[in-house]
Amino acid sequence: MFNSPTQMEPLFPTARAEQLADLAVELVRQSAALGSRLRGPTREAVITLLRQMNSYYSNLIEGHHTQPIDIERAMKQEYAEEPAKRLLQFESKAHIEVQELIEAQLEKSPDINICSPQFLTWIHRIFYERMPAEFRWITDKDEKERHEIVPGELRNREVVVGRHVPPTFTAVNAFLERFATAFDPARLGRVPRVVAAAASHHRFAWIHPFLDGNGRVTRLFTHAYLIKAGVDGHRLWMVSRGFARRRDEYIAALVGADAPRKSDHDGRGNLSDEGLSQFCDFFLQTALDQVAFMGGMLELDRLENRITAYIERRATLNEIDPAGAFLLRDVLLRGEVARGEASRITGKPERTARRIVNTLLEENLLTSETPKGPLRIGFPTKVVGYYFPRLYPEGVEHDIERATSNKRLR
């Protein structure tokens, strides 16, 4: 039974230390290049899309499959009549809102220790406060007893997670205090901080401090850690996409880091140093893969071409004026454009230009905060497969296309 925080050692991997440091340095370099590509309003539009994507993949890891189009509808308070689908919409919406709150809290309180029990229980609390009542109960394996999930409350009973038996519930707070001290980003240098983002992801999941919601809270916490480590690429990539697409490897890597020390050559702690090192390697390799993917998606020349191809496709169906592509391109590159510029940009008379603008606004391809305000780019779910191919799994992109095509035909 784990009842002493020393049993959580090692907290930082020593095996493959040089290799992990090299991966961390590369992640710092590549993530820094992401944010410089987009103007502020365009970047915010991508971030909004990625929050929805992050919710989709984080919940998918938990075995909950919510269609991206339903997540988008949930953010507009448009809920399905089918109870099961509606519950998943509430869950996805909760994840998005909590991610936004975390990001806002880090901006408001830059010195906050995100590894503290107070911050971690806050994530759990604000997440479960937004969850439907049906998701606030769990049942024992033998289905004899139900337990309520109290938002922000540490677990008050023993649990078994697969083959892993987490620390006894009476010691959870002590483990979290040790976790808070060891992984506090303020205590670490630039490169160790990046490796710590990986190591802390496993060790927090290993503690399993809550009765339920540990996986999602862990991934939301890791999102915060990547921001504090300065490798979030201005929030333009999300590691959960990589975990979900390599789910079996992700679970296996977590399990491997649960293992006890195998020999005198496997570190000096209670747990396997090699297992933790392998998990950190998997984490950082996955992160680099996701940064590279988003880097490719955000190459402006290619993104412009994909947007133009989409408008041309809609133009062949007489749904959108092809000149709309010129306006979308300008808005993409400049961040925002005054409405009065639409005629010049499209090369159309004022009246025709206004009609093009109105169509693009109705389609959410453009957005504006006020009826006469500047125009900004929009990334509705229906265009994701065209603008950002493979952001979602291929079959899901086909489902999005089918759903939006049917809506246009009605």
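Worth pointing out:
- Criterion: buried (at least 23 other Cβ atoms within 10 Å of the Cβ), of a type in the set (A, V, I, L, M) and in contact (Cβ under 8 Å) with a residue 60 or more places away in the chain - qualifying residue of Ala196, Ala186, Ala180: Ala196
- Checked across the stretch 199-214, the condition of being touching a Cys at 6+ places or on another chain (Cβ under 7 Å) and either under 20 Å from Ala94 (Cα atoms) or not in a loop (DSSP other than H, G, I, E, B) (or both) holds for at least one residue.
- Any hit, the stretch 62-70, residues being in contact (Cβ under 8 Å) with a residue 60 or more places away in the chain, within 20 Å of Pro166 (Cβ to Cβ) and acidic (Asp, Glu): yes
- Restricting Gln105, Gln89, Gln30, Gln19 to residues that are out of contact with any strand residue (DSSP E or B) (no Cβ under 9 Å at 6 or more places or on another chain), in the same structural domain as Ala186 (by TED's automatic domain parsing) and within 24 Å of Ala133 (Cα to Cα) narrows the list to Gln89.
- The residues of the stretch 254-285 that are surrounded by 21 or more Cβ atoms within 10 Å (Cβ to Cβ) and over 20 Å from Phe2 (Cβ atoms), listed by number, are Ser277, Cys280, Phe282, Phe283, Leu284.
- Test: residue in the stretch 116-123 that is of a type in the set (Gly, Ala, Ser), out of contact with any strand residue (DSSP E or B) (no Cβ under 7 Å at 6 or more places or on another chain) and not in a loop (DSSP other than H, G, I, E, B): no
- Among the residues of the stretch 150-197, those that are among the β-branched types (Val, Ile, Thr), part of a helix (DSSP H, G or I) and within 27 Å of the chain's Cα centre (by Cα) comprise Val172, Thr181, Val191, Val194, Val195.
Here is a yes/no grid of residues against (1) farther than 20 Å from Ser36 by Cβ; (2) more than 31 Å from the chain's Cα centre (by Cα):
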site	(1), (2)
Glu304	no, no
Ala309	yes, no
Leu317	yes, yes
Leu328	yes, no
Val331	no, no
Arg334	no, no
Glu341	yes, yes
Thr346	yes, yes
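- Restricted to the stretch 18-38, and to residues there that are in contact (Cβ under 8 Å) with a residue 40 or more places away in the chain and out of contact with any Leu (no Cβ under 7 Å at 6 or more places or on another chain), the residue that is farthest from Trp237 (Cα to Cα) is Gln19.
The values are calculated or read from the model by the stated rules, or taken from the named source; none is laboratory data. This one's a predicted model, so the numbers in the text were calculated from it and none came from an experiment. Positions of Cβ are backbone-derived with ideal geometry, glycine not excepted, and every protein chain shown enters the neighbour counts.
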